[in-house]
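K.L.:
Here it is: the structure, laid out below.
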Amino acid sequence: MVAVNVLTQAVVNGLLIGGVYALVAVGLNLMFGVMKLVNFAHGEFLMAGMYVSLALAGWALPPGLLGIYWVAVPTMLIMGVVGAAFYFLLLDRAAKFGESPQILLTIGLSIGAQGLAQVLCGSDFKLVPNPINGAAVHLGGIYFQIGPAISFVVAIGATMVMAWVLRSTRFGKSARAVAENVETAEMLGIDARRVFMITTAIAIGLVGLAGALVFPYHFTFPNVGQNFVVIAFLAIVIAGLGSVVGAVFGGLLLGIMQSLTAAYLDLDLSTAAIYVLFLAVLLVRPQGLFSKGQRTL
């Protein structure tokens, strides 16, 4: 019975942290699927979202257990606007010179954003006092940490909405057409640059939402994005590049793998375990577990 509880607890913990990985991975994979761009600055947008949430929470913190989450929607909207500006001011101009300058731009932005955050916000680990941090509920012998549980539920909900948008809305159909072939889509009257702008805004908005969900129980500091985005990169490769729904399963799978390793082997081996899984998938199914060998949304 004890062994069953340990296993169940480990799986639950993995699912909860995997939900955050999934939300970060969805935005990352969305940009790749539509724009064929790997955004190496994605982690820094997560960090920016956490700092925005921290600033908003410092300005006003309503009472109650869930009061701190009022910052989630404003942070998502602010980061969505930042994403649109990111496309118009930087990515769109770099695109005139090909894909390589865009990739190099995101790498440079990643390094520069970390340095700028250290100058403006310092290198201290920041955590706003709030009732969510450390709170948990006990159900059937299993502990559910409230912060990660809320992150998981919102992450899965946001991903389901995103999947519906891509499948059922005019923008989603345009995005899938552009992802298939930009030139053909433009011949059909689709404004590819507008699709790219909206895609970037949504992707950065989603990672901003992830930051708002995480900051109540996770320290905020200039390099915090790297803790999440590296695993998100692994998740989308395991799932299949361009598969938004697959990114969710990839994030959850890595979260469970990490948690099981920590529970049964050693906490220090948890990160190594997900790299072993990553290499195994590359050897057995290099196109990803949820891909048929082509980019899909």
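The values are calculated or read from the model by the stated rules, or taken from the named source; none is laboratory data. Since we're looking at a predicted model, the values are computed, not measured. In this analysis, Cβ positions are derived from the backbone assuming ideal geometry, glycine residues included, and neighbour counts consider all displayed protein chains.
K.L.:
How many of the residues making up segment 50-90 are within 21 Å of the chain's Cα centre (by Cα) and not in a helix (DSSP H, G or I)?
P.N.:
Counting residues in segment 50-90 that are within 21 Å of the chain's Cα centre (by Cα) and not in a helix (DSSP H, G or I) gives 0.
K.L.:
Continuing with this model, one more query. If you take the residues in segment 27-61 that are among the β-branched types (Val, Ile, Thr) and closer than 12 Å to residue 200 by Cα, which one is surrounded by the most Cβ atoms within 10 Å (Cβ to Cβ)?
P.N.:
So the residue we want is 34.
Table: residues versus (1) farther than 18 Å from residue 106 by Cβ; (2) modelled with pLDDT of 85 or more; (3) not in a loop (DSSP other than H, G, I, E, B).
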residue	(1), (2), (3)
226	no, yes, yes
241	no, no, no
252	yes, yes, yes
286	yes, no, no
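K.L.:
Going by the conditions given, is residue 200 hydroxyl-bearing (Ser, Thr, Tyr), in contact with a helix residue (DSSP H, G or I) (Cβ under 7 Å, 6 or more places away or on another chain), buried (at least 20 other Cβ atoms within 10 Å of the Cβ) and closer than 28 Å to residue 90 by Cα?
P.N.:
yes
K.L.:
Go through segment 4-47 residue by residue and tally those that are within 23 Å of residue 219 (Cα to Cα) and in a helix (DSSP H, G or I).
P.N.:
24
K.L.:
Is it the case that residue 107 is surrounded by fewer than 18 Cβ atoms within 10 Å (Cβ to Cβ), assigned to a helix (DSSP H, G or I), under 20 Å from the mean Cα position of the chain (by Cα) and in contact (Cβ under 8 Å) with a residue 60 or more places away in the chain?
P.N.:
Judged against the criteria, residue 107 is a match.
K.L.:
For segment 263-279: of the residues being over 25 Å from residue 159 (Cβ atoms) and of a type outside the set (D, E, K, R), which is surrounded by the most Cβ atoms within 10 Å (Cβ to Cβ)?
P.N.:
263
K.L.:
Hey, another quick one. Among the residues of segment 88-112, write down those that are β-branched (Val, Ile, Thr) and touching a Phe, Trp or Tyr at 6+ places or on another chain (Cβ under 6 Å).
P.N.:
Step one: list which residues in segment 88-112 are β-branched (Val, Ile, Thr), which gives 103, 106-107, 111.
Passing the criteria: 106, 107.
K.L.:
Looking at segment 117-126, which of the residues that are surrounded by fewer than 15 Cβ atoms within 10 Å (Cβ to Cβ) and not charged (D, E, K, R) is nearest to residue 219 (Cα to Cα)?
P.N.:
For segment 117-126, the residue satisfying everything is 125.
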